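Heads up, the thing below is written out as structure tokens.
What follows draws every value from the coordinates through simple rules; no lab data is involved. Because the structure is a prediction, the values reported are computed rather than measured.
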């Protein structure tokens, strides 16, 4: 049910983005805010809709960490230079779940 709701919201935001692009509002400030919100949140929700099953399996502590990192990157764009090597290091050093070593003490 939630996946359907996310898909509907993504489609609605993208449709509103097209609508506000073709028929602008009278107030230019609200037009800018509304249009940018629709064009940014629509694709983000569409990606979440596509990856919903994988997103449900993520650890619970990861969501607040990702939100904090995104907020920090939005406030300080120069942190992207630091974020790239950190992401590469995490990708290289991530735990390998397929290779488990047997405990030598348990065999005796």
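Just to confirm the number: angle between the C-alpha axis of helix 28-50 and the first principal axis of the chain, 0 to 90 degrees, nearest 10?
The angle comes out near 30 degrees.
Taking Cα atoms, how many degrees apart are the long axis of helix 80-93 and the longest axis of the chain, rounded to 10 and kept between 0 and 90?
For 80-93 against the chain, the angle is about 30 degrees.
Helix-derived [θ] at 222 nm for the chain: sum -39500 (n - 2.57) over DSSP H runs of at least 4, divide by residue count, nearest 500?
Rounded to the nearest 500, the figure is -23500 deg cm²/dmol.
Over the chain, what is the mean sequence separation of C-alpha contacts under 8 Å (at least six apart), divided by residue count, expressed as relative contact order in percent?
Relative contact order comes out at 25 percent.
Projected area of region 1-57, taken from the Cα convex hull and averaged over every viewing direction, in nm²?
Taking the Cα atoms of region 1-57, their convex hull projects to 3.9 nm² on average.
Reported to two decimal places, what Rg/Rh ratio describes the chain when computed on Cα atoms with Rh from the Kirkwood expression?
Reported Rg/Rh (Cα atoms, Kirkwood Rh): 1.17.
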